[in-house]
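Chemist: Have a look at the structure that comes next, please.
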Amino acid sequence: MSTTNQNSLLRFTTAGSVDDGKSTLIGRLLYDSKSIFEDQLEAVENSSRKKGLENADLSLLTDGLRAEREQGITIDVAYRYFATPRRKFIIADTPGHVQYTRNMVTGASTADLAIILIDARHGLVEQTHRHSFIASLLGIKHLVVCVNKMDLVDFNEDAYQTITSAFRNFSSRLDIPDIKFIPISALLGDNVVEASAKMPWYEGGTLLSHLEEVHVGSDRNLQDCRFPIQYVIRPQTDEARDFRGYAGRIASGVFKVGDEVVALPSGMQSSVKEIFVGADAVERAFPPQSVTITLESDIDLSRGDMLVRENNQPQSLQEIDAQLCWMGEEGLNPGVRYIVRHGTTEVKSMIREVLYKVDINTLHRNEDDKQVGMNDIARVRLRTASPLLADDYRRNRTTGSFILIDPGTNLTVAAGFVS
Amino acid sequence: MTQDYQLDHLDELEAESMFVLREVAAQFERPAILFSGGKDSIVVTHLAAKAFAPARIPMPLVHIDTGHNFLETLEFRDALAERLGVQLVVGSVQATIDAGRVREETGAQASRNRLQTTTLLDTIEEGKYDACIGGARRDEEKARAKERFFSHRDDFGQWDPKHQRPELWNLFNGNHMPGEHFRVFPLNNWTELDIWNYITREKIALPSLYFAHDRKCVVRDGVILAHSEHLPHRDGETPEMMRVRFRTLGDLTITGAIASDADTLEKITAEVAATRITERGGRVDDKRSETSMEDRKKEGYF
């Protein structure tokens, strides 16, 4: 591991529409952290002028597809990168309008933190509820609520406090342990990278300093040892004739050389002989490392099997209750045998029952309408052709998540959460 | 070694890329690594060697030779394949031209950049490759910012950016019909600076072109191009000796050099960290129009 470059990675997601200042905020973060290059800025300024705009339209930085530039919309999740001397950041920037749920779920699935923007003039709106609920559904542990456009309410503290207490009321229904509020003006830069001189009543840090400092390491599950086998390495060369290594990424827990392990589904026992990162032997491995593990005894495992500890095993489920976020253009069809891709396994399934749909703006359950279409969130019961080694999504984002694939089109049609 | 079970960002990127490479080997019948000879595809090859150690990389390196490559690139390519014991497959643009499949561009902006796509798709079809791993990164160019790790191509090799499969968590859906293939981008989340820091940390060998050296160049429309037999001179152009290095390696005729004294990895990394122009800022091929990368990608370009 490097000793020269000890800064960590933070993946976060931003959601919102053009009007709430999201593009301006991201542009501000990139620009003030000097992550926009001169030729990029020049290209954006030229395009903005061609469109008759006075200021550079920073959304043009990543709205790079022809259709997006022509129609002035964002079609898809865009990934942007910036770094400070303290941390590297990956932003999954999701559009707020068409296909909003599908895109936000996709962007949030790999994020540690979500930024929600609220317009200080309007307070909480439907979109605020929707974005917060999706962040909670996806198991994001850190939320930053930016009350934006403070310049348009004269940097007034009461306006800010009214919004934060309304959000606190609403968020008691969510499952997000860390919620942080910051009053900002993305347009003028107040409290984004530089502290604001106009809001002396706010004693917290800026958005960037919070992003640099927020601790996400403890969000990783280090208790439950789960190693889904991804690929079997058998060199069959003269030097390594008998080598049989199990390659994969640690989903959770810490594996050490010498640990007693159980291979599932067979239940055979062995112990960890060696752990490699590339060609280098290491003593232990933890998430999200990609390693190769060899075992003391000569047991034959394959892709889809899992190494765990005897006293801490996942559930073996064939009847699964799960939330689905539907993403396919065609709605859920109970007659189709969707393929479940879970970890490193793929298995056929049948959707036995749609229990209810969730209204994503109010969180109300709807048990009367069971037609599930694109952007719907539904609770279903499904049956798989063979058991899945799964944990509750709340406890394990890797072994608790799956996707559904339409066997006719090969398209990914839903994201699933075991619960 | 960290005590608190935290990885630094290069370790985390490495782990992600190794996961993607292994997923390709597991999900596809005939994967290949598209090897350009540039630093990104060299890093992909290095990551593949790590992902499958101590076994050999279980897929060939496929190189599309435009006939306008730097000699240093070709020598480096052959030596690397030999050292890793990996099969090398070369698709030749000259052969595609000779067979009449494409017509050489003429005129002042002529290059073989776009012609490569036909050779690439022919080579993929001949080799029956169902997954082609490339070294592209999302931070490189705006049309790439929305690229998936597993990017679907139809049976004409075309990309449909508006109908991409959503990619959730690390669950990559490589399911496809016969004749279709995937492009896979393990370096999606890396930036240029990450690449240089990683090359320095892992002591990865690179072609000498990346380091500052003296070379005969011509300056055309503000871009420094290497003087060679493949670059016809325009009126008034005289090659002069300059101290330069290359930030990306494409064809001789389109890859701009930068004036630089950086002749070690440390100096290059420092220079990259301080620079205010993107690395493709010197690529004539990207400047043809605002969406020239998207247009080429839709046709099946890298």
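The values are calculated or read from the model by the stated rules, or taken from the named source; none is laboratory data. These numbers come from a predicted model, not from an experiment. Here Cβ is always computed from backbone atoms with ideal geometry, including for glycine, and neighbour counts include all displayed protein chains.
Chemist: For residues in region B:108-158 being closer than 30 Å to A:A92 by Cβ, free of Cβ contacts under 8 Å to residues at least 60 places away in the same chain and over 17 Å from the mean Cα position of the chain (by Cα), which is surrounded by the fewest Cβ atoms within 10 Å (Cβ to Cβ)?
Modeler: Checked region B:108-158; the qualifying residue surrounded by the fewest Cβ atoms within 10 Å (Cβ to Cβ) is B:D154.
Chemist: Shifting gears a bit: B:I254 fails exactly one of the following numbered conditions: (1) touching a helix residue (DSSP H, G or I) at 6+ places or on another chain (Cβ under 6 Å); (2) at pLDDT below 80; (3) within 23 Å of B:L265 (Cα to Cα). What is the number of that condition?
Modeler: Checking B:I254 against (1) touching a helix residue (DSSP H, G or I) at 6+ places or on another chain (Cβ under 6 Å); (2) at pLDDT below 80; (3) within 23 Å of B:L265 (Cα to Cα), the one that fails is (3).
Chemist: Within region B:163-173, which residues are part of a loop (DSSP other than H, G, I, E, B) and free of Cβ contacts under 8 Å to residues at least 40 places away in the same chain?
Modeler: Those that are part of a loop (DSSP other than H, G, I, E, B) and free of Cβ contacts under 8 Å to residues at least 40 places away in the same chain: B:Q164, B:R165, B:P166, B:E167, B:W169, B:N173.
Chemist: Would you check which residues across region A:75-101 are over 21 Å from A:E213 (Cβ atoms) and at pLDDT 85 or above and list them?
Modeler: A:Y79, A:D93
Chemist: Now, a different point. Would you confirm, using the coordinates I've provided, whether A:I36 is of a type in the set (A, V, I, L, M, F, W, C) and modelled with pLDDT under 70?
Modeler: Considered against the rule, which asks whether it is of a type in the set (A, V, I, L, M, F, W, C) and modelled with pLDDT under 70, A:I36 comes out as no.
Chemist: Another question, then. Under the condition of being touching a strand residue (DSSP E or B) at 6+ places or on another chain (Cβ under 9 Å) and either of a type in the set (S, T, Y) or closer than 11 Å to B:P60 by Cβ (or both), which residue from region B:85-107 is surrounded by the fewest Cβ atoms within 10 Å (Cβ to Cβ)?
Modeler: B:Q87
Chemist: Can I ask one more? Does A:G304 satisfy the criteria of being modelled with pLDDT under 95 and of a type outside the set (A, V, I, L, M)?
Modeler: No: the conditions fail for A:G304.
Chemist: Right, here's the next one. Say whether the condition of being under 20 Å from A:G400 (Cβ atoms), of a type in the set (G, A, S) and crowded, with 22+ Cβ neighbours inside 10 Å is met by at least one residue in region A:270-285.
Modeler: No: region A:270-285 contains no residue that is under 20 Å from A:G400 (Cβ atoms), of a type in the set (G, A, S) and crowded, with 22+ Cβ neighbours inside 10 Å.
Chemist: What pairs come up if the first residue lies in region A:290-311 and is surrounded by 20 or more Cβ atoms within 10 Å (Cβ to Cβ) and of a type in the set (D, E), the second is at pLDDT 95 or above and in a loop (DSSP other than H, G, I, E, B), and their beta carbons are under 6 Å apart, counting only those six or more places apart or on different chains?
Modeler: A:D305/A:I229
Chemist: Tally the residues that are within 20 Å of B:A15 (Cβ to Cβ), of a type in the set (A, V, I, L, M, F, W, C) and within 11 Å of chain A (Cβ to nearest Cβ), restricting the search to region B:143-195.
Modeler: Of the residues in that region, 8 qualify.
Chemist: Among B:K39, B:K50, which is in contact with a Ser or Thr (Cβ under 9 Å, 6 or more places away or on another chain), of a type in the set (D, E, K, R) and modelled with pLDDT under 95?
Modeler: B:K39
Chemist: Please pick out the residue among B:V272, B:V244, B:V184, B:V223 that is within 21 Å of the chain's Cα centre (by Cα) and closer than 30 Å to B:E29 by Cβ.
Modeler: None of the others qualify; the one that does is B:V184.
Chemist: Now a separate question. So, in region B:54-73, how many residues would count as being within 14 Å of chain A (Cβ to nearest Cβ) and in contact with a strand residue (DSSP E or B) (Cβ under 7 Å, 6 or more places away or on another chain)?
Modeler: 2
Residue-by-condition table, conditions (1) in contact (Cβ under 8 Å) with a residue 40 or more places away in the chain; (2) buried (at least 22 other Cβ atoms within 10 Å of the Cβ):
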residue: A:D93; (1), (2): yes, yes
residue: A:M104; (1), (2): yes, yes
residue: A:A111; (1), (2): yes, yes
residue: A:I115; (1), (2): yes, yes
residue: A:H122; (1), (2): no, no
residue: A:V147; (1), (2): no, yes
residue: A:D158; (1), (2): no, no
residue: A:Q161; (1), (2): no, no
residue: A:I176; (1), (2): yes, no
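Chemist: Out of the residues in region A:370-419 that are within 14 Å of chain B (Cβ to nearest Cβ) and of a type in the set (D, E, K, R), state the one that is farthest from the chain's Cα centre (by Cα).
Modeler: Per the criteria, the residue is A:D406.
Chemist: Right, something else. Just for region B:239-263: of the residues that are assigned to a strand (DSSP E or B) and basic (K, R), which one is farthest from B:L206 (Cα to Cα)?
Modeler: For region B:239-263, the residue satisfying everything is B:R243.
Chemist: List pairs: first in region A:32-47 and closer than 15 Å to B:E192 by Cα, second among the basic types (K, R) and in a loop (DSSP other than H, G, I, E, B), Cβ under 6 Å, 6+ apart or cross-chain?
Modeler: A:F37/B:R276
Chemist: Need the failing condition index for A:M306 against (1) under 28 Å from B:E12 (Cβ atoms); (2) more than 11 Å from chain B (Cβ to nearest Cβ); (3) more than 27 Å from the chain's Cα centre (by Cα); (4) among the hydrophobic types (A, V, I, L, M, F, W, C), just the number.
Modeler: All conditions are met except number (3).
Chemist: Taking the residues in region B:195-245 that are modelled with pLDDT of 90 or more and among the hydroxyl-bearing types (S, T, Y) as candidates, determine which candidate is surrounded by the fewest Cβ atoms within 10 Å (Cβ to Cβ).
Modeler: B:T200
Chemist: What single numbered condition from (1) assigned to a strand (DSSP E or B); (2) at pLDDT below 95 fails to hold for A:R381?
Modeler: (2)
Chemist: Only residues that are more than 22 Å from B:H176 (Cα to Cα) and acidic (D, E): list them for region B:1-36, please.
Modeler: Listed by number, the residues that qualify are B:D4, B:D8, B:D11, B:E12, B:E14, B:E16.
Chemist: Restricting attention to region A:207-242, and to residues there that are surrounded by 15 or more Cβ atoms within 10 Å (Cβ to Cβ) and free of Cβ contacts under 8 Å to residues at least 60 places away in the same chain, which single residue is nearest to A:P177 (Cα to Cα)?
Modeler: It comes out as A:S209.
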